[in-house]
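Since the structure comes first, as structure tokens, the remarks are kept for the end.
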Amino acid sequence: MNIAITNGVDLMPPAFALGLQDWSSQNGRPGETRYDADPSGNLVGGDADFGTCLELIKTASPQKLRYGGETPVLAGAYLEVSARVKLVSGPSCAVRIAGYPGDSSGAEVQGLVTTGPQVDLTSYGQVVTVRAILGRGARAGVNMVWGGDVVFGHLGLDVVGDNGAVVRIESLSITDATAAFFGQLADWVDVVDFGAVGDGSTDDAAAFEAADQAADGRDILVPAGVYRLGSSVSLDNRVRFQGTVSMDREDHLLLRAELDINAYIDAFDSELEGLRRALQALFHSIDHESLDLKGRRFQLDEPVDVFDGVATVQTYGNRRALRNGQLSANNTAAWTPEVVTTTASYNRGADQTLLTNVVNVAAVRKGSLVEGYGVGREVYVTSVDVAAQSVRISQPLVLAGASQSYTFTRFKYLLDFSGFTRMNRFQIEDIEFLGNRRGAGILLPPDGIAWSIRDCFFARPGHRAITSIGKGCNGISIDRNQFIAFDDNELVQNRTSVAININSNDVKIRNNRAVQHRHFLVAGGGGHIVTGNHFWQDDNANPGERSAGIVLMRHNPKTVMSGNYCDNATIDITNEYDPFPDPFPGKLPYGAVSITSNIFTADSVPAWFTFIRFVPFGDGHAVDGVVITGNTFKMFDGAVIDRVESVDVSLGSLDMGEVRSLIFDENSFVDVTHRTQSPALVEMAQTTAQSSWGASLANILPFAGRALGAEGLTAIGSIETGSGAALWTMPYVDVDQGLGGQEVTVHWSTAARGRVQLRVRADKST
């Protein structure tokens, strides 16, 4: 800044040789004495050092010299006032720059420093320079701080000391010194001023850190150029990137003043690299707990491998969050799944989650979906040991052979966390994952706890939305998300999409909406709460096949499902991850599940379709602890089904003679032929006197259950003998009668007729 240029101000006063009428021996104000009328000041010509100059004889204390013109004092401008002087004769003295600070009315502003540093004159003929800086701001190096009320000054100098001294003054110089304070006045410092080169090869890391040290709260400017940072750099002040930086992947750039996604994009001149580097900083920074994408849409040519940038952090326990943006998969080959088919050995009696003797093991990718005979749904590769030719998988295999072929399919995810060993408490919110039928959504780390994914949109992610390859889903909360399948235009039986899979325990799946997947949720582990979700899976076929919306892969899952809307889908309970599927002493029964207050609806399905299915592997499983109450089962568009529940006996069976704590009651039915329940209210009416009354519950008890218990027999009206006499004796009941144990018999002490009601249960009391 130069106010002579920017403000058109002429700062320099006239030379003494032009006359002394502009120079005051007082304060410079109008009407005061000028040196052309004061005998203590005279022009001297031909001085060997100064030429024509002013000679002052000190007769006052101090002897003042002030320019009569009003030199403007502007906000943001700083003036340097200087003069060359020498002692000619008389006693020693001293000189100092001085001035009169005037306000807008011309009055002197009181209480200010009006003089600069003093310079002693002790040798005759020695030329010295006296100078001072003045301005409104109290900055380092400013001698005369005049504040905001001063608008002009009468500037000059004082001669102090004993009277009689004679001094000569060459001239008074007033110049703009603002440039000397530019670094203090500007709100930034330039890395180039600290040695940065910006040629793309010179290591500028030290220059960046030096600029950060000097910034002291101001921004750091990175001008045009490519600045190579040869090591990790941490900057405490905000940075403005006009140029870009380059650095090795293992090094990180920490912008500690603000974890600003836009700054990282500017720094690396790439949305993808900027996102990677910002995520890298999120895990290395102790100053920020979240990365806000600020509503930006990131169009990604390839997956974001979060660990690839973090590199040195294998495990992470502190809470971190990513929020508020959109990730979109561009049409590139990088999203094509990698598929490897090879052979491996499996020994269910040894390590139940290990495949050994894996041929071409180096080609198998961590995070791959495992498929093959006897492999349950949603089994993934947790780790690969090339040296040992082994692959660790997420779940045991239920029917796999000792040696067989497997297919490993590695989907490509918009956000891939699989490289971490363990990560806890990561939160993703308000992110839209636009898979464009190519990129999958989120791949969780192999281990971790208490993740949260909420208020996100998964719009047609390729193959999977949220994938767990191990225990990284432990305690996860998945709330208020939307899932739209990539294969929604396919018939149900041809779909492969899965919105969510779970391997570990204590998961909360709440208030989500999922559209036309193969499966909404495949859940291993137990202790889950699934509530408030709406998922539907129909297609255009009539009648059409339907798939499981929710699959509980543990047959004793300790799980509650309530308030869900299950539309054209089923809930399956299975032991598909059980390496020893047949029952044995001490094995837990099917149960520990509560399905309450849900809405079930379907159309365009065959009569044999059912909403709730047990799918056992192995024969003869007991049942204990199943509660299915308060649900609404409704068909529409002319569809009618036989019943709402069933057991798939294609690969196993339940022992319906070993059932305890089964409650299937208080449900409502529309267009369901057989309204199953347990306990079931049965009415027996006998018009001719018989000593034994029988009733069948073949289409009444749920899951084709046996009539194992009876309670609450009540006579409706009088019970009479064949002669019409009232019968007062108490009958007894035989249960588990007839074919399949689905009949009960009431026995009287004599032949009787009448009507009774009896509650029959499909479970035992002990």
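Quick look at the values:
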read-out: Candidates Asn324, Asn331 - the one that is more than 21 Å from Val239 (Cβ to Cβ), modelled with pLDDT of 95 or more, open to solvent by 10 Å² or more (accessible area, probe 1.4 Å) and over 17 Å from the mean Cα position of the chain (by Cα); value: Asn331
read-out: First in segment 570-589 and of a type in the set (Phe, Trp, Tyr), second anywhere and in a loop (DSSP other than H, G, I, E, B), Cβ under 6 Å, 6 or more apart; value: Tyr577/Gly376; Tyr577/Gln395; Tyr577/Pro396; Tyr577/Gly524; Tyr577/Met553
read-out: Filter pass, Gly717 being part of a loop (DSSP other than H, G, I, E, B), modelled with pLDDT of 95 or more and more than 60 Å from the chain's Cα centre (by Cα); value: yes
read-out: Filter result for the condition that a residue is within 24 Å of Asp488 (Cα to Cα) and modelled with pLDDT of 95 or more, over Ser547, Ser646; value: Ser547
read-out: Filter result (in a loop (DSSP other than H, G, I, E, B), in contact with a Gly (Cβ under 7 Å, 6 or more places away or on another chain), over 26 Å from Ala485 (Cβ atoms) and open to solvent by less than 20 Å² (accessible area, probe 1.4 Å)) within segment 399-424; value: Ala400
read-out: Every pair of residues 6+ apart whose Cβ atoms lie under 6 Å, when the first sits in segment 421-443 and is closer than 21 Å to Ala321 by Cβ and of a type in the set (Phe, Trp, Tyr) while the second is open to solvent by 10 Å² or more (accessible area, probe 1.4 Å) and assigned to a strand (DSSP E or B); value: Phe426/Arg320
read-out: Test set (1) of a type in the set (D, E, K, R); (2) at pLDDT 95 or above; (3) touching a helix residue (DSSP H, G or I) at 6+ places or on another chain (Cβ under 6 Å) - Arg131 fails condition number; value: (3)
read-out: Matching option when the condition is open to solvent by less than 50 Å² (accessible area, probe 1.4 Å), touching a residue at least 60 places away in the same chain (Cβ under 8 Å) and farther than 30 Å from Phe181 by Cα, among Leu54, Leu65; value: Leu54
read-out: Residue match in segment 77-89 (condition: surrounded by fewer than 20 Cβ atoms within 10 Å (Cβ to Cβ) and modelled with pLDDT under 95); value: no
read-out: Subset of segment 727-737 (residues that are within 18 Å of Ile716 (Cα to Cα), assigned to a strand (DSSP E or B) and aliphatic (A, V, I, L, M)); value: Val733
read-out: Filtered residue count, segment 447-458, keeping only those that are small (Gly, Ala, Ser) and not in a strand (DSSP E or B); value: 1
read-out: From Ser61, Ser104, residue being in a loop (DSSP other than H, G, I, E, B), closer than 15 Å to Arg29 by Cα and of a type in the set (S, T, N, Q); value: Ser104
read-out: Whichever residue in segment 703-755 is open to solvent by 60 Å² or more (accessible area, probe 1.4 Å) and of a type in the set (Phe, Trp, Tyr) and, among such residues, is nearest to Ser691 (Cα to Cα); value: Tyr732
read-out: Subset of segment 425-446 [in a loop (DSSP other than H, G, I, E, B) and buried (at least 20 other Cβ atoms within 10 Å of the Cβ)]; value: Gly435, Arg438, Gly439, Leu444, Pro445, Pro446
read-out: Residue check for Ile529: within 26 Å of the chain's Cα centre (by Cα) and either closer than 24 Å to Gly435 by Cα or without any contact (Cβ under 8 Å) to a residue 60 or more places away in the chain (or both); value: yes
read-out: Qualifying residue in segment 24-36 (condition: part of a strand (DSSP E or B), open to solvent by 30 Å² or more (accessible area, probe 1.4 Å) and either touching a Pro at 6+ places or on another chain (Cβ under 9 Å) or in contact (Cβ under 8 Å) with a residue 24 or more places away in the chain (or both)); value: yes
read-out: Members of segment 505-527 that are open to solvent by 10 Å² or more (accessible area, probe 1.4 Å), part of a loop (DSSP other than H, G, I, E, B) and closer than 19 Å to Asn474 by Cβ; value: Asn505, Asp506, Gly527
read-out: Residue list for segment 174-189, filter: part of a strand (DSSP E or B) and either surrounded by fewer than 18 Cβ atoms within 10 Å (Cβ to Cβ) or at pLDDT 90 or above (or both); value: Ile174, Thr175, Asp176, Trp188
read-out: Strands (runs of 3 or more DSSP E) enclosed by segment 203-287 - at least 2 residues per element that are open to solvent by 40 Å² or more (accessible area, probe 1.4 Å) and not acidic (Asp, Glu); value: 226-228
read-out: Per-region count, segment 128-173, residues small (Gly, Ala, Ser), open to solvent by less than 10 Å² (accessible area, probe 1.4 Å) and in contact with a Phe, Trp or Tyr (Cβ under 9 Å, 6 or more places away or on another chain); value: 3
read-out: The one condition in (1) loosely packed, with under 13 Cβ neighbours inside 10 Å; (2) within 18 Å of His154 (Cβ to Cβ); (3) aliphatic (A, V, I, L, M) that Ala48 fails to fulfil; value: (2)
read-out: Some residue of segment 304-314 being touching a Ser or Thr at 6+ places or on another chain (Cβ under 7 Å), modelled with pLDDT under 95 and either buried (at least 19 other Cβ atoms within 10 Å of the Cβ) or not in a helix (DSSP H, G or I) (or both); value: yes
read-out: Listing of strands (runs of 3 or more DSSP E) fully contained in segment 542-629 that carry 1 or more residues being under 21 Å from Leu654 (Cα atoms) and open to solvent by less than 10 Å² (accessible area, probe 1.4 Å); value: 548-552, 559-562, 570-574, 590-596, 612-615, 618-629
read-out: Which listed residue is in a strand (DSSP E or B) and on the phi > 0 side of the Ramachandran plot, from Gly740, Gly694, Gly712, Gly657; value: Gly712
read-out: Some residue of segment 646-664 being in contact with a Lys or Arg (Cβ under 9 Å, 6 or more places away or on another chain), open to solvent by 50 Å² or more (accessible area, probe 1.4 Å) and under 30 Å from Thr750 (Cα atoms); value: no
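The values are calculated or read from the model by the stated rules, or taken from the named source; none is laboratory data. As the structure is a computational prediction, the values presented were derived from the model and not from experiment. Virtual Cβ from ideal backbone geometry, glycine too; neighbours counted across all protein chains shown. Only protein heavy atoms, including side chains, enter the accessible area calculation; ligands, DNA and RNA are left aside. Shrake-Rupley method; radii C 1.70, N 1.55, O 1.52, S 1.80 Å.
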